[in-house]
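Working notes, beginning with the structure itself.
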Amino acid sequence: PKASYRDLKSLHASSKAECKSLLADLHATEEVCATLEVQGRAAISAAQAEALAAMQARDAAVATSDSQAIRLQAKIDQLTAEVAALRVAEIQVHSVWIHTLMNDEIAHFALLD
């Protein structure tokens, strides 16, 4: 059976309306995709900025730690040198004390004669 002109025209009109509806849906989907793409890029940029800030904070903390470690090592070296100097002084004091005791004993024995 042949479709009538009216049937074909009606089919054409409904197909055209369906195409317009599908096209409108496609445009709406494109807009949603474009919005999501912008939001995604913004989220990526924010995450990258946050990661960069975290790395910079980490680097600053490492630099501070390194600086503190250098200062502490310098203080340790200074105190080690002071301890060594005090030990030398202690040895010198003991040496003088021993010489003094020996001289005192020698003088004591000399007086006994």
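The values are calculated or read from the model by the stated rules, or taken from the named source; none is laboratory data. This is a predicted model, so every value here is computed, not measured. Note that each Cβ is placed from the backbone with ideal geometry, even for glycine, and that neighbours are counted across all protein chains shown. Surface accessibility is based on the protein's heavy atoms, side chains included, excluding ligands, DNA and RNA. Shrake-Rupley method; radii C 1.70, N 1.55, O 1.52, S 1.80 Å.
Summary of values
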quantity	calculated
Options [x] 16.4; [y] 15.8; [z] 24.5 - which one matches Kirkwood radius over Cα pairs in Å as calculated here	[z]
Additional length obtainable on full extension of the chain from HIS27 to ALA42, 0.36 nm per residue less Cα span	3.2 nm
Proximal charge balance of SER10 [Cβ under 14 Å; K/R count +1, D/E count -1]	+1
The chain - percent of accessible surface contributed by carbon and sulfur, probe 1.4 Å	66 percent
Computed lengthening from MET55 to LEU72, 0.36 nm per intervening residue step minus Cα-Cα distance	3.6 nm
Per residue, in Å², the accessible surface of the range 44-99 once ligands and nucleic acids are set aside, probe 1.4 Å	84 Å²
0 to 90° range, to nearest 10: angle between helix 5-112 axis and the chain longest Cα axis	0 degrees
Accessible-area value, THR100, 1.4 Å probe, nucleic acids and ligands omitted, Å²	80 Å²
Of the trypsin sites (Lys or Arg not before Pro) in the range 1-94, those whose Cβ has at most 13 other Cβ within 10 Å and which sit in DSSP loop	LYS2
